[in-house]
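Notes to accompany the following structure.
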Amino acid sequence: MSSFKLQNNQTGNFYFDDIDTIEKAEALVRKKLYLPNKLKPVRDEDEFLITDLKGFIVHDETAGELGEIIEIHEYPQQFIAVVPYKFKEIMFPLNDDLIVEIDEENGILKVDLPEGLIELYLNA
């Protein structure tokens, strides 16, 4: 690896000396790469990333407690939380429009989900 640039806690661009064609590079797109600890960026103690919400309990203002965030998917436009609820998986974007409060101390994420979103998943 000749150089790399981390975009956030989970993604980045990596440049390899022996990858010199598009065909060779395509085989590595969206693959997991593990860095030695000494190459990992140092994170501030107070820094809170959206991916830190994994494991938080979600409370919706209308539906009440939904459950624990088991996954966070990262897409170019936004992060998506996955929460098991009534034997289904509810997915919703993690953005300022929906997040009411993040209680880091108690591991609670309060949200105001759009009307009908939960029912959409439950009736699928």
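The values are calculated or read from the model by the stated rules, or taken from the named source; none is laboratory data. This is a predicted model, so every value here is computed, not measured. Methodologically, a virtual Cβ is constructed for each residue, glycine included, from the backbone with ideal geometry; neighbour enumeration extends over all protein chains shown.
Things worth noting here:
- Qualifying residue in region 103-123 (condition: part of a strand (DSSP E or B) and surrounded by fewer than 13 Cβ atoms within 10 Å (Cβ to Cβ)): yes
- Single residue of region 36-50 satisfying the filter (under 25 Å from ILE70 (Cβ atoms) and touching a Leu at 6+ places or on another chain (Cβ under 9 Å)) that is modelled with the highest pLDDT: ILE50
- So ASP18, is it exposed (fewer than 10 other Cβ atoms within 10 Å of the Cβ), modelled with pLDDT of 85 or more, over 17 Å from the mean Cα position of the chain (by Cα) and not assigned by TED's automatic domain parsing to the domain that holds GLU74: yes
- Top-ranked residue of region 75-90 - restricted to ones that are under 12 Å from the mean Cα position of the chain (by Cα) and surrounded by fewer than 13 Cβ atoms within 10 Å (Cβ to Cβ), ranked as nearest to LEU109 (Cα to Cα): GLN78
- Filter result for HIS59 (touching a Lys or Arg at 6+ places or on another chain (Cβ under 6 Å), of a type outside the set (S, T, N, Q), in a strand (DSSP E or B) and modelled with pLDDT of 85 or more): yes
- Subset of region 67-82 (residues that are among the β-branched types (Val, Ile, Thr) and closer than 10 Å to PRO93 by Cβ): ILE80
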